[in-house]
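What follows is a short report on a single structure.
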Amino acid sequence: VVPDQPDALHLLGLAAWQRNRGPAAEALIRRAIDRRPTSTLFHNNLAQVLSGIGRVAAAIECLERSLRLDPGQPSVRTQLARLHLAHGDFAAADRLVETALAAQPADADALGIAPDDPEALRGFGIALTQQGRLDEAETVLRRCAAGEAGRTKALVGLGGLYLRSGRVEDAAEVLHAAIERPDATPHDVSCWLMTLDHLPGIEPGRVAAE
């Protein structure tokens, strides 16, 4: 017999999810929410289940409801931004990052970004760059580039940051490091070549032509 107490229903739902029983987990956590609709924890975990079974739009609705109940959840705001990106809504993701940056210190930990999540760190660094917060962006992107996973993209992001701040030689250096990595793309190589054209003593277009 399934208990009718919301905490018990929620825990049973999490247990079902750990056993890869997505539909059962969803049903149990929804029953818990019916009995305690103001629990942000329930909404957040239901979103995790829904996103895990590919129902991104429904997961977004859960997290938006959770943020309406308690706007002070930076990690939930970050997760919602990721889901919007996965759903192709880049404008909504940008708005969430901007709101989070305005509400919190420029610190990845305060935004709920794990130190071992290179994609989230890189996105955070790019967002800071776009806001003109270049010193903070450099710190975050260097932190991302220090790990093996996601290093190439982080180096390319650093190259763009250095170009924006007029540090052409630094940009050329990090972009060269990026294109030497096995997962470098033709676009990364093009960025490096264009950066070389801006180095002192190099004729514009000469490197690309050679």
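Restrict the check to region 36-46 and report whether at least one residue is touching a Ser or Thr at 6+ places or on another chain (Cβ under 6 Å) and open to solvent by less than 20 Å² (accessible area, probe 1.4 Å). Scanning region 36-46 turns up at least one residue that is touching a Ser or Thr at 6+ places or on another chain (Cβ under 6 Å) and open to solvent by less than 20 Å² (accessible area, probe 1.4 Å). Restricting to region 11-23, name every residue that is in contact with a helix residue (DSSP H, G or I) (Cβ under 6 Å, 6 or more places away or on another chain) and open to solvent by 30 Å² or more (accessible area, probe 1.4 Å). Within region 11-23, LEU12, TRP17 meet the criteria. Please name all residue pairs, on different chains or six or more residues apart, with Cβ atoms under 8 Å, provided the first residue is in region 67-80 and is assigned to a loop (DSSP other than H, G, I, E, B) and the second residue is aliphatic (A, V, I, L, M) and surrounded by 18 or more Cβ atoms within 10 Å (Cβ to Cβ). Final answer for the pair search is GLN73/LEU67.
Does ASP135 satisfy being part of a helix (DSSP H, G or I), open to solvent by 60 Å² or more (accessible area, probe 1.4 Å) and out of contact with any His (no Cβ under 9 Å at 6 or more places or on another chain)? Give the steps one after another, and end with the answer.
Values: part of a helix (DSSP H, G or I): yes; open to solvent by 60 Å² or more (accessible area, probe 1.4 Å): yes; out of contact with any His (no Cβ under 9 Å at 6 or more places or on another chain): yes.
So ASP135 fits the description; yes.
Taking first residues from region 14-26 that are of a type in the set (A, V, I, L, M) and partners that are open to solvent by 60 Å² or more (accessible area, probe 1.4 Å) and assigned to a helix (DSSP H, G or I), the Cβ contacts under 6 Å between residues at least 6 apart in sequence or on separate chains come to ALA25/TRP17.
Evaluate the following for ALA209: is it small (Gly, Ala, Ser) and either surrounded by 15 or more Cβ atoms within 10 Å (Cβ to Cβ) or modelled with pLDDT of 90 or more (or both)?
Values: small (Gly, Ala, Ser): yes; either surrounded by 15 or more Cβ atoms within 10 Å (Cβ to Cβ) or modelled with pLDDT of 90 or more (or both): no.
For ALA209, the condition - small (Gly, Ala, Ser) and either surrounded by 15 or more Cβ atoms within 10 Å (Cβ to Cβ) or modelled with pLDDT of 90 or more (or both) - is not met.
The values are calculated or read from the model by the stated rules, or taken from the named source; none is laboratory data. Note that this is a predicted model, so its numbers are computed, not measured. Note: ideal-geometry Cβ built from the backbone for every residue, glycine included; neighbour counts use all protein chains shown. Remember, those area values only see protein heavy atoms, side chains included, never the ligands or the DNA or RNA. Shrake-Rupley method; radii C 1.70, N 1.55, O 1.52, S 1.80 Å.
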